[in-house]
1. Inspect all residues belonging to segment 305-319 and state whether any of them is within 15 Å of T352 (Cβ to Cβ), without any contact (Cβ under 8 Å) to a residue 24 or more places away in the chain and not acidic (D, E).
2. Among residues belonging to segment 10-37 that are in a strand (DSSP E or B) and over 20 Å from the mean Cα position of the chain (by Cα), point out the one that is nearest to E174 (Cα to Cα).
3. Considering only segment 121-144, how many residues are touching a strand residue (DSSP E or B) at 6+ places or on another chain (Cβ under 7 Å), surrounded by 20 or more Cβ atoms within 10 Å (Cβ to Cβ) and not polar (S, T, N, Q)?
4. Scan segment 238-247 and give yes if some residue there is out of contact with any strand residue (DSSP E or B) (no Cβ under 9 Å at 6 or more places or on another chain) and part of a helix (DSSP H, G or I), otherwise no.
5. Taking the options K24, K20, K89, name whichever one is touching a Gly at 6+ places or on another chain (Cβ under 7 Å), farther than 30 Å from N258 by Cβ and of a type in the set (D, E, K, R).
6. Give the residues of segment 7-53 that are under 30 Å from Q229 (Cα atoms) and touching a Lys or Arg at 6+ places or on another chain (Cβ under 8 Å), sorted by residue number.
7. So for segment 178-197 (the condition being of a type in the set (K, R), without any contact (Cβ under 8 Å) to a residue 40 or more places away in the chain and outside the structural domain of L75 (by TED's automatic domain parsing)), does at least one residue qualify?
8. State whether the residues of segment 62-75 include one that is touching a Leu at 6+ places or on another chain (Cβ under 6 Å), free of Cβ contacts under 8 Å to residues at least 60 places away in the same chain and not aromatic (F, W, Y).
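The values are calculated or read from the model by the stated rules, or taken from the named source; none is laboratory data. Since this is a predicted model, take the numbers as computed values, not measurements. Cβ placement follows ideal geometry from the backbone for every residue including glycine, while neighbour counts extend to all protein chains displayed.
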Amino acid sequence: MQELQVDLGDRSYPIYVGDKLFQKVDIASAIRGRQVMIVTNETVASLYLQSLRDQLPNVQVDEVILPDGEAFKTLDTLNVIFDALLSLKHNRTTTLIALGGGVIGDMTGFAAASYQRGVDFIQIPTTLLSQVDSSVGGKTGVNHPLGKNMIGAFYQPQMVVADTDVLKTLPKRELAAGLAEVIKYGLIYDLDFLSWLEENIEGLNRCEPDLMAYAIKRSCEIKAEVVAQDERESGIRAILNLGHTFGHAIETDQGYGNWLHGEAVGAGMWMAADLSRRMGWLTQADLTRVEALLVSANLPIAPPESMSPERFIELMSVDKKVLDGKLRLVLLTALGQAVITDQIEVSSLNGTLTANFTDG
């Protein structure tokens, strides 16, 4: 087991990475009151809910089991959590535990931020994507039909428990979606890590434990470093959104859950890299390298054929990263180096979008 720290002053918290952590981490030590509400989904509950309950013998443990999928990341589903908390008379000392992937973590965190103006919560992410990304950093929220993650709050957990053992039950498509976020960290921050990923991608595809543990640890280290510098995304933290503006447009257009978040981000990162090449920052060799790694990770690199360039522009214009009417994108000035810019050449952006719809 390895322990990392997200350094945010009085909001700091540990991240534990390793296998069989239900037996190794004292989850109860992070619970201040006598009540716990576990929020999970139908898929995860059958696998891990009882194991978690077994670690909490001396508190009142209630549970909310939600339907599985991005399509349910809504205000209506959020109210199911609130209904349970209120009907079971949970008070301000309750602790919510998110047991699931990014959807469960985001909704549970938002519920914790909102219930009685804020109660504690713990993240126990069960997908690779949530272990390396959504469970760390305090972004919580739900989707709206007009935009992804448009309703939410910054709210930090008490701890994050990333158990690599649970990844053994992860479908291959979900594993690939998580690898998209892992690859992102190399592209934006750490060229050596990017090279390591290129050398070890086949082993990661097989979910080899030692390789996966290192990939998760390094990803969490990078995110923790960035979040510690900019908790509320007023500056450098935005580099973590490489590919996300394109990707969120894909998810909104296609219907939440039809493209997995990591799949949409994978295609979005390729589009961001292509735009970076057109801006003169990446070489064709760099772009080829990005493409090869994404393909090796079983990720799509082209957006849906049904989406027009005009539809992309429409949806990207309501993204959270639009500021004062200007579209801001995270692009790459080099592999391992990212920049947040609103100085985007229209001809270059049109070139990226047009290329995807004329050449596939």
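1. Checking segment 305-319: not a single residue is within 15 Å of T352 (Cβ to Cβ), without any contact (Cβ under 8 Å) to a residue 24 or more places away in the chain and not acidic (D, E).
2. M37
3. Number satisfying all stated conditions: 9.
4. Scanning segment 238-247 turns up no residue that is out of contact with any strand residue (DSSP E or B) (no Cβ under 9 Å at 6 or more places or on another chain) and part of a helix (DSSP H, G or I).
5. Selected residue: K24, the only one of K24, K20, K89 that is touching a Gly at 6+ places or on another chain (Cβ under 7 Å), farther than 30 Å from N258 by Cβ and of a type in the set (D, E, K, R).
6. Hits for segment 7-53 are Y16, V17, G18.
7. no
8. Yes: one or more hits.
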